[in-house]
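Report on the following structure.
The values are calculated or read from the model by the stated rules, or taken from the named source; none is laboratory data. Note that this is a predicted model, so its numbers are computed, not measured. Virtual Cβ from ideal backbone geometry, glycine too; neighbours counted across all protein chains shown. Heavy atoms of the whole protein, side chains included, go into the accessibility calculation; ligands, DNA and RNA do not. Shrake-Rupley method; radii C 1.70, N 1.55, O 1.52, S 1.80 Å.
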Amino acid sequence: MKPAPFIYHDPRTVNEAAGLLASLDNARVLAGGQSLMPMMNFRYVMPDHLIDLNKVGELAYLRFDGAALHIGAMTRQRELEFSAEVGARCPLLHEALAHVGHRQTRNRGTIGGSLCHLDPSAELVNVTALLGGTLHAASQRGMRDIPFAEFAAAYMTTSLEPDELLAGVTLPLPDRRNGYAFAEFARRHGDFAIVACSALLGLDRNGDIKEAALAISGLGHAPVRPVLIESALLGQKPAGAAFKAAAAEAARLDATADAYVTAAYRQHLARVLTFRALEQAARRAAEQAHG
Ligand code: FAD
């Protein structure tokens, strides 16, 4: 299939792009095109105007300050994958990226596109939820910060206003001594996950859990941060009994069903992947503690 007719715009600045978004009806922004173009070709979306961000240089950046990673919306997934600094300071992001599509799609695909496409089980969406990322929206009215918890409005629908584009995302960096893990189950390598789970664990000097974060994707329209499960882990030994209890609770989380996967199977995967991610994060936290 081919897309419905549209008028193409290729702005050079965020201001120009925001001006177009504010003045045009039924407009969509184009990033890497790895999701939008198939959606247009299948005529799932039929914008009258396509605003191409690929020449808006100021949207592609990768900056670290001591506490956070600042990533421009048009930063290619491959750039994050190849960044030694990301590997050193946020290895979780590298681990998740390895599951995102294929190297060909990561060459073009961007972090902004993944976040705004907002597939319920997109790996970069999961990591942004786990790290408590802040998304930066740009419009003619200025910049607006959106905590990730307020970004997913509904299934594949962000809380960006119609005249806003995503300019970037800030990911707080976890303590280097924390253990991390990303686990997912997909039909084939490169497919979107059916369910994915990421975990961060910090241990105190007695080896007990002092910090725990989980993000489980694929159960609903956005990753779940199961705060009750996270708090139940605190003070526990990072071992089987605590992780089995956490996994059992993960299997009780609400899950959607669709033509391909039952809710019960998603809950089963949540149990298995939560246990695996916690075990892996605990191994890495112990290595850090004794490294
Ligand atoms: P585009 O496709 O250009 O845009 C996606 C959507 O986001 C559009 O609605 C667009 O309007 C909007 N958008 C983009 N940038 C902005 C912005 N700055 N502000 C506002 N709105 C914006 N993804 C995964 O997460 N996991 C996978 O396993 C996976 N497998 C894939 C396999 C294949 C074969 C393919 C083709 C894609 C796969 N993808 C997967 C999708 C891929 O990761 C895309 O890169 C991503 O979903 C969209 O990024 P993009 O830059 O291509 O955005």
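Of everything in region 43-97 that is among the polar types (S, T, N, Q) and not in a helix (DSSP H, G or I), the residue that is nearest to residue 117 (Cα to Cα) is 75.
Applying the condition of being open to solvent by less than 40 Å² (accessible area, probe 1.4 Å) and over 24 Å from the mean Cα position of the chain (by Cα) to region 32-49 and asking which residue is farthest from the ligand (Cβ to nearest atom) yields 49. Check whether at least one residue in region 83-92 is over 23 Å from the mean Cα position of the chain (by Cα), away from the ligand (no atom under 13 Å from the Cβ), surrounded by fewer than 15 Cβ atoms within 10 Å (Cβ to Cβ) and farther than 16 Å from residue 165 by Cβ, and report yes or no. For region 83-92, residues over 23 Å from the mean Cα position of the chain (by Cα), away from the ligand (no atom under 13 Å from the Cβ), surrounded by fewer than 15 Cβ atoms within 10 Å (Cβ to Cβ) and farther than 16 Å from residue 165 by Cβ: absent.
Selection of first residues in region 12-28 that are in contact (Cβ under 8 Å) with a residue 60 or more places away in the chain and assigned to a helix (DSSP H, G or I) and of second residues that are surrounded by 18 or more Cβ atoms within 10 Å (Cβ to Cβ) and acidic (Asp, Glu), restricted to Cβ pairs under 6 Å at least 6 apart or on distinct chains, gives the following pairs, ordered by first then second residue: 21/163; 22/163. When residue 29 is tested against the conditions (1) near the ligand (Cβ under 10 Å from one of its atoms); (2) within 25 Å of residue 198 (Cα to Cα); (3) of a type in the set (A, V, I, L, M), the lone failure is (2).
Can you go through 215, 153 and tell me which one is in a strand (DSSP E or B) and surrounded by fewer than 20 Cβ atoms within 10 Å (Cβ to Cβ)?
Working: 215 fails: surrounded by fewer than 20 Cβ atoms within 10 Å (Cβ to Cβ).
Every option except 153 fails the conditions.
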